[in-house]
Number of protein chains: 4
Amino acid sequence: MVKQVNIGLIGAGRIGRIHARNLKFQVPGAKLVAVADVVIASAKKLAEELEIPICEQDYHRLLEHKEIEAILICSSTDTHAQMIVESAKVGKHVFCEKPIALEIDKIDQALAAVAKAGVKLQVGFNRRFDPSFKKARELVESGRIGTPQLLRISSRDPQPPPLDYVKVSGGLFLDMMIHDFDMARYLLGEEVTELMAAGNCLIDPSIGKCGDIDTAVVILKFESGALGAIDNSRQAIYGYDQRIEVFGSKGSVVVGNKTPTEVMVHSADSIHSDTPLFFFLERYQEAYLAEMHHFVNCLLEGKEPSAGGWDGKISVLMGLAAQESLAKATFIKVKKS
Amino acid sequence: MVKQVNIGLIGAGRIGRIHARNLKFQVPGAKLVAVADVVIASAKKLAEELEIPICEQDYHRLLEHKEIEAILICSSTDTHAQMIVESAKVGKHVFCEKPIALEIDKIDQALAAVAKAGVKLQVGFNRRFDPSFKKARELVESGRIGTPQLLRISSRDPQPPPLDYVKVSGGLFLDMMIHDFDMARYLLGEEVTELMAAGNCLIDPSIGKCGDIDTAVVILKFESGALGAIDNSRQAIYGYDQRIEVFGSKGSVVVGNKTPTEVMVHSADSIHSDTPLFFFLERYQEAYLAEMHHFVNCLLEGKEPSAGGWDGKISVLMGLAAQESLAKATFIKVKKS
Amino acid sequence: MVKQVNIGLIGAGRIGRIHARNLKFQVPGAKLVAVADVVIASAKKLAEELEIPICEQDYHRLLEHKEIEAILICSSTDTHAQMIVESAKVGKHVFCEKPIALEIDKIDQALAAVAKAGVKLQVGFNRRFDPSFKKARELVESGRIGTPQLLRISSRDPQPPPLDYVKVSGGLFLDMMIHDFDMARYLLGEEVTELMAAGNCLIDPSIGKCGDIDTAVVILKFESGALGAIDNSRQAIYGYDQRIEVFGSKGSVVVGNKTPTEVMVHSADSIHSDTPLFFFLERYQEAYLAEMHHFVNCLLEGKEPSAGGWDGKISVLMGLAAQESLAKATFIKVKKS
Amino acid sequence: MVKQVNIGLIGAGRIGRIHARNLKFQVPGAKLVAVADVVIASAKKLAEELEIPICEQDYHRLLEHKEIEAILICSSTDTHAQMIVESAKVGKHVFCEKPIALEIDKIDQALAAVAKAGVKLQVGFNRRFDPSFKKARELVESGRIGTPQLLRISSRDPQPPPLDYVKVSGGLFLDMMIHDFDMARYLLGEEVTELMAAGNCLIDPSIGKCGDIDTAVVILKFESGALGAIDNSRQAIYGYDQRIEVFGSKGSVVVGNKTPTEVMVHSADSIHSDTPLFFFLERYQEAYLAEMHHFVNCLLEGKEPSAGGWDGKISVLMGLAAQESLAKATFIKVKKS
């Protein structure tokens, strides 16, 4: 058997379980040796199902294990930065779900700890690993569509999250559009200099009462002069809608939705085809697996993960700029450090 | 034979000839009895081809003819408003190509003359009569997609106009996006309160030297709170790209491009299908015919044309607001009168 | 004005009127100077509408007019062959709707008369002039898909013809699939050596009582060894369904249906798109115009029409072979003369 | 932990490994406890990878194990029937890859043994478990498209199998089209009474020298009178092409291909989209998993598998009928027992 990376998982919730199963069954280079969750029952259940030897309530126990080389942080957002700092201090590589934190100083502390320890950090921008978006990036990078001039992203959830989540989410820009900010930078391979946001609460007034919006459009200006427009909705009744278009001087690349089947029904009044896959776990199933492969490969081969600390920070800076733009109704420069 | 409207055409250029042929061959309710063009040779050629009895160099001759009931203004933009005023004064109905004028006071004078004379005025927003966009509007109006929340319009030309035209066009917002401003209002059936523009010269620096842009993104805020995003490019290498999407609480309506054939070629590396129809005359062939039908029907039945004077004015107000927004990098309120 | 061909039309029914309007308004090289119909009222109405100078009940009057250079035969099938013979004898070129006749000896007499007179004959296989099918043929001919190996044609009507028509139609193979037999030969550019038919009456028992079928599948063997399958139905509830696929050693070319709009509606349960154009007159509108252009061009330039006498004959031979195959449940060789 | 079925696998080749991995990682109701392969190294490698306790060269050892409740037969075709007989005799349920055998008497012996022992038998018609085809069947069954009248299946491999395999495969009808015969019966839920085959060797003359064909079209007649057409090719240069269409009195259901991504590239000359997934293992990945779920569920719940012994036999009878039809160029009745 080839070399393996010993991995410890913090957080046995939905996303943690997905990563765990992928590592266990489909990433030969990884060995999932430990799991921790404040809800110990969750940790135990997962440990039993996947035969994970070490199972703890306190994640600090995982950091003490010498044989654990990397930590997967899948706990709640407010714990991410601190866990990165602690993991880096004991020399462990880190995969952390996005966002690193909602406050820039916390992110800076985490990145500083990572830099000082010389460990690897990958942030969970799973969409970069989606086969369609990855191919789109490769096509742009190869020059196939010439110089990019316009970017369009439509990113819409099938239904709003629970209100309890909305309250702590950081708001639509930091919780939802953050993925699109990262996608925008990834697809064009350059930074956004300024952005401008418009937003409204059109779906559920309760979201507005929490101080958040549920519908938004943002204009991006890129370093090269290219322009972008992102739209977000918390509720697309027909399912999880994730489309992008990069338009350039020699053509464009357009990515459509994935559907559960390829069936079309012709009836007297219309042709009916499948709506998009309803949920992000199905839509990005391959992407979640591919990002684990990437993380483990980077560790095995000593390479930097493609979605690193800066990507984790700049996307939050963009989210904060969008919030400020929404408040001031004008373009806001995106900070560069 | 049924009742017919006697029509005189001013301007025997490209668009004038299209309307003339449609009226002659496919609109039984119309009788094209006169044509005028400062380039008399153009007028004569068209008169000969279509057996039009009256042919003049000076359009004033047409206004003197008692039997002419309606005037089609297809001359250059700077002449439109004056011709509307003169036509209205002698009691003739008017179809006028967009824009009515680039200056609001000229438009106001034209609309005042129309109102005073009690004649009908239709402005050439041909896209409203495109079967796909028309069906989209009907679906929105019928409530099929619930309350509209987001609008997306991509509108891209296959190639930039000649520089000589760019210089007198009024700029991208008043020459090109004006169609999309009208489409936005038409599709949602409500007014835009504010808009915000970003633009750049990315295709041809000569366009920039003329003081214009060739690439733009505009955010719209509608009265209802719905948000919109329009993107324009002066050059889509794959052809004339005209797509819209209205997204609402119960679903969305999406309009794609028309292609010359329904052929798909499967080869070893990819499936190849047709790019969109290359030119607006082909793309909107049915729409040009349908708008003539509408105009003639309105005259025969004494109804107001659906694309009237206010539509002609507000779209220019929106274009001016977009220019101001581009200069000031902030949202600009759209004037309401 | 350029050179024009003077044309006389026999038959002012549905298809005759379409050709007449196309010639009048959109084929500059043609001058429609005469119309004849046994129902003189039909002839008169069309003559009035299109300002056709000569209007007759007896088509023989048209044959006597020296200035008429070509005859369009759009009368009922049983009159075609005789009219071709008579037209050829007086040196007039002929466009004849398909089929030339349902009996081979009548066809032979017509073709002999045409050959003896040295006039041109075009048969109304309009689908060859459809932009999509024409492009498919060009792609096959160019070698783009390599050597053709399989052909698939689905050709389905939106609803069965009236029973009165079914009785005199010659049956599904000679009335409906005859178009697909021609399309098969046209697309592959080679002859069919043998064919095998299966058919049934599944839609309307009354059709069966007339001795006809309403659903059929036919296998074709081509000279090159390529194989084909055609299916026909008299009733596709979703509209006029006309699709082909040519599969070869280097790829395939697939032609789909045309739809009235490009609108897609996303609702909670499915994505709805337009069914095909419902009727053949809409589906093949461009093809009907293009075949008139082709006919007139052939006359003006002295070229042979691409859908000629042999094409008219072999398609009937194939229809007869299909009838025999259906009766004998075995492959039947297609006669070659 | 829930109830589990102990399973032994015979044959650790390509398809055996797929089933093994699916059972191990994704079918909680199954426990893969044994593997046997005449190439013991293959068995050992798989046993090590998946931690399978029992590993044998001689499959008879597996039959002796009391705790093994079901056998998966994934060895070469000529061994299937004998293994079914032996497994049934010792009271073990059987999942057997298709075909059961190429000779009807061997199949009969296997089915008799299964019936006598009262064990379950599932045959590996994996396509029945493909989400798209399954949905198509459900739509037909539900009456959504009315009474089925026409069936079309296109089934084309990306490249021919090795000649060594062609020689022992039983020929195209028994090796390849057998899947489509099963799909035809499955989709319409009724039997085929007669069929008619045409075939040719158009891709590789070496296949012809082995006495086989590489291109075929078959017409099916169903009990209800519905008609079907299947085409097969051993080489579709653009990938694995698997499409079906069921056309009925109230509409049709059409299943297209799956593609690796949803990317479309617009360039100056055409729009490029992905060719189908190239290989059957990728195309039917979900189907292979679903058929294992089905098999294990049937055992746990005491239900008959949906693709049973009769399905395994009738598809071979159809293949034999197709061979006879090809030789005699006439319709051949499909035997019913």
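All of the numbers you see were taken from the coordinates with simple rules; none came from a lab. Note that the coordinates shown come from a computational prediction; the quantities given were computed from them, not determined experimentally. With ideal geometry, Cβ positions are generated from the backbone for all residues, glycine too; neighbour counts draw on all protein chains shown.
Within the P(r) computed for the protein assembly as shown, what percentage of the Cα pairs occupies the region above 58 Å?
Roughly 28 percent, once rounded to a whole number.
Which net charge results for the neighbourhood of C:LYS313, defined as the other residues with beta-carbon distances under 14 angstrom from its beta-carbon, given Lys and Arg at +1 and Asp and Glu at -1?
After counting each charged neighbour, the total is -1.
Over the Cα atoms of chain C, each weighted equally, I'd like the Debye log10 I(q)/I(0) at q = 0.08, 0.14, 0.15 Å⁻¹, rounded to two decimals.
With no solvent term, the Cα-only Debye profile gives -0.39, -1.19, -1.33.
Beyond 26 Å between alpha-carbons counts as too far, so tell me which of A:LYS335/B:LYS167; A:LYS328/B:LYS134; B:LYS3/B:LYS24 fall in that bin.
Beyond 26 Å: A:LYS335/B:LYS167; A:LYS328/B:LYS134.
With only alpha-carbon atoms counted, please give the Rg and Dmax of segment A:5-119, in Å.
13.2, 39
I'd like the distance between the alpha-carbon centres of segment B:104-156 and segment D:302-326, rounded to an integer number of Å.
Centre-to-centre distance over Cα atoms comes out at 62 Å.
Report the gain in length on full extension from C:GLU48 to C:LYS333: 0.36 nm times residue separation, minus Cα-Cα distance, nm rounded to one decimal.
Gain on stretching C:GLU48 to C:LYS333: 97.6 nm.
Would you look at the GNM of chain C, springs on alpha carbons closer than 10 Å, and say which of C:VAL263, C:VAL33, C:VAL253 moves the most?
In this elastic network of chain C, the residue with the biggest mean-square fluctuation among C:VAL263, C:VAL33, C:VAL253 is C:VAL263.
Mind sorting B:HIS293, D:HIS272, A:HIS60 by how few other Cβ atoms lie within 10 Å of their own Cβ, fewest first?
Arranged by neighbour count, lowest to highest, B:HIS293, D:HIS272, A:HIS60 become A:HIS60, B:HIS293, D:HIS272.
For B:PRO162, place a label point 7 Å from Cα along the Cα-to-Cβ direction in every copy; what are the distances to the other copies, in nm, shortest first?
5.7, 6.7, 6.8
Residues of segment D:69-89 with amide nitrogen under 18 Å from the 7 Å Cα-to-Cβ point of D:GLU103?
D:76-86
Please give the net charge around B:LEU111, taking every other residue with its beta carbon less than 12 angstrom from that of B:LEU111, where Lys and Arg add +1 and Asp and Glu add -1.
After counting each charged neighbour, the total is 0.
Calculated from DSSP H runs of 4 or more alone, at -39500 (n - 2.57) each and per residue, what is the 222 nm mean residue ellipticity of chain A, nearest 500?
After summing the helix terms and dividing by residue count, I get -12000 deg cm²/dmol.
Can you give the extra length, in nm with one decimal, that the chain gains between A:GLU191 and A:SER76 once fully stretched, where that is 0.36 nm per residue apart less the Cα-Cα distance?
Numbers: separation 115, 0.36 × 115 = 41.40 nm, distance 2.80 nm.
Contour length minus the Cα-Cα distance gives 38.6 nm.
Return D:GLU262, B:GLU191 ranked ascending by Cβ neighbour count within 10 Å, so the fewest neighbours appear first.
The most exposed by this proxy come first: B:GLU191, D:GLU262.
Grab the beta carbon distance between A:GLU141 and D:LEU281, set R0 = 30 Å, and tell me the FRET efficiency rounded to 0.05.
Calculated value: 0.50.
Please report the orientation-averaged projected area of segment A:127-276, defined via the convex hull of its C-alpha atoms, in nm². Provide the component values of the computation, followed by the final result.
On the way: hull surface 42.6 nm².
Across all orientations, segment A:127-276 yields a mean hull projection of 10.7 nm².
Could you compute the FRET efficiency for C:VAL38 and D:SER224, with r as their C-beta to C-beta distance and R0 at 41 Å, rounded to 0.05?
It comes out at approximately 0.35.
Around B:CYS74, what is the net charge, scoring Lys/Arg as +1 and Asp/Glu as -1 over all other residues with Cβ under 13 Å from its Cβ? Show your work: numbers first, answer last.
Numbers: positive: B:ARG14, B:ARG17, B:ARG21, B:LYS98; negative: B:ASP37, B:GLU97, B:GLU291.
Around B:CYS74, the surrounding residues sum to +1.
Can you give the relative contact order of segment C:147-263 as a percent, counting alpha carbon pairs under 8 Å and 6+ residues apart?
Result for segment C:147-263 is 40 percent.
Once the label point is placed 7 Å from Cα along Cβ, list for C:GLU223 the distances to the corresponding points in the other copies, in nm, shortest first.
Inter-copy label distances (nm, one decimal, shortest first): 4.5, 6.4, 7.0.
With a cap of 16 neighbouring Cβ atoms within 10 Å, and only residues DSSP puts in a loop, list the GluC sites (Glu not before Pro) found in segment C:12-62.
Those satisfying the criteria are C:GLU51.
Check the straight Cα-Cα distances from C:LYS92 and name the aspartates and glutamates below 12 Å, setting aside those fewer than 8 residues away within the same chain.
Within the straight-line cut-off, C:LYS92 pairs with C:GLU64, C:GLU67, C:GLU69.
Based on other C-beta atoms within 10 Å, arrange A:LEU326, B:LEU121 from fewest to most.
A:LEU326, B:LEU121
Considering Cα pairs under 8 angstrom that are at least six residues apart, work out the relative contact order of chain D and quote it in whole percent.
Dividing the mean separation by the residue count of chain D yields 19 percent.
Using only the alpha-carbon atoms, what does segment C:283-337 span along each of its principal axes? Please give whole angstrom values in decreasing order.
Per principal axis, max minus min of the Cα coordinates gives 46, 29, 10 Å.
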